Amino acid sequence: MKFKKFINFITQKKFLIHYGIALSVIILVLSVTFLSLRISTHHGQTLSVPDFSGMKIKQSREIANAKNLRIEVIDSVYNGAGKRGTIIDQNPPPDIKVKENRRIFVTIKSVLPKIIKMPNFISTTLVQAKADIETYGLRIGKLSYEPSIFDNVVLKQKYKNADIEPGTEIPQGADIELILGKSHDLGNTVTPDIYGLTLEEAELEAADFMLNIGTVLYDQTVKTHDDSIAAKVIRQRPKPNIVYEPGEQIDIWLSLHSDSLNIK
């Protein structure tokens, strides 16, 4: 009887030893696994996104690699502020906290404009043509009028003073001149208030009133191409709300000094 109890004791002891060993192995494996995951995912580790604006792609990638980040170019634009061949926009923006190995999406200012196929604006209204021109990354150029029974419908489209056929290759950002219809019933328009607008904004606003931007003059504050993009209208001639014929021009003066908006 005592021998049987001894055997049972030995058996239970071996079981507990094996159970303890198995439990220790499981705990060790789980600990190593969690530690590996923590290291591979850099759990809890964040860093600030650098400001890549103004950098060329090669330079930005060198800085990004040093911080275990990745640069990915998602777009390029020809117009706008910034030096050609450099980054002009990024997402996430600078100083945002991200984990390592995060992709930083950037837009660069291209050295050469994209080439697109000329759309067909003929037979569309001025409102629709203006919206489409913006959609294609083109700019609305001079508006001219010819006699027609259809008011403000595109009769011809031109590029550099010559007719341009749909499908013709053209640089994105090009000015497209529209020849519009004008009947006896079209009447007159009035000059819009374009004070405080950039040149591009003023061109779009003038087009809404069937008018053109004529002479563009900059003051001494505008010294670079980027300055000319950021400058705003401080004076216009004629002044706002003057009755005008469609297709006429508004001359404007631009400055970087917003406090100069006092000439009305």
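Where a number appears in this text, it was derived from the coordinates with a stated rule and is not lab data. Keep in mind that this is a model prediction, so the values were computed, not measured. Cβ coordinates were reconstructed from backbone atoms using ideal geometry, including for glycine residues, and neighbour counts include every protein chain displayed.
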message = If I take the Cα coordinates of the stretch 47-109 and project them onto the principal axes, what are the three extents in Å, biggest first?
response = 33, 19, 16
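Pull out the extension gain between residue 114 and residue 175, defined as 0.36 nm times the separation in residues minus the alpha carbon to alpha carbon distance; nm, one decimal. Could you put the intermediate results ahead of the total?
Details: separation 61, 0.36 × 61 = 21.96 nm, distance 1.41 nm.
Computed gain between residue 114 and residue 175 is 20.6 nm.
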inquiry  = If each residue of separation counts as 0.36 nm, what is the full-extension length gain between residue 135 and residue 230 once their alpha-carbon separation is subtracted?
reply    = 32.1 nm
query = How far apart, in nm, are two points set 7 Å out from the Cα along the Cα-to-Cβ line at residue 184 and at residue 150?
reply = 2.1
note = Around residue 187 (Cβ within 13 Å, Cβ-to-Cβ, excluding residue 187; K/R +1, D/E -1) the net charge comes to -2
remark   = If each K or R counts +1 and each D or E counts -1, the residues other than residue 204 whose Cβ falls under 10 Å of its Cβ total -4
query = What is the set of long-range amide H partners of residue 110 at a cut-off below 5 Å, with H atoms built 1.01 Å from backbone N?
reply = 77, 78, 85
message = Only sites in a loop by DSSP and with at most 12 other Cβ atoms within 10 Å count here; which trypsin sites (Lys or Arg not before Pro) in the stretch 141-177 make the cut?
response = 160
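Can you give the % of DSSP beta bridges in the stretch 125-228 that are antiparallel, to the nearest 5?
On the way: 7 of 14 bridges.
Around 50 percent of the beta bridges assigned by DSSP in the stretch 125-228 are antiparallel ones.
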From the C-alpha gyration tensor of the stretch 113-187, square roots of 5λ in Å = 23, 11, 10
note = Expressed in nanometres to one decimal, the distance between label points 7 Å along Cα→Cβ at residue 28 and residue 65 is 4.0
key: Whole-Hz ³J(HN,Hα) from phi, Karplus 6.51 cos²θ - 1.76 cosθ + 1.60, for the stretch 118-135, glycine and proline x   = 4, x, 10, 9, 5, 6, 8, 6, 4, 4, 5, 4, 4, 5, 5, 4, 5, 4
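Residues with beta-carbon under 13 Å from that of residue 113, excluding residue 113: net charge, scoring Lys, Arg +1 and Asp, Glu -1? Numbers along the way, then the final one.
On the way: positive: 84, 109, 114, 139; negative: 169, 175.
Every neighbour counted, the sum reads +2.
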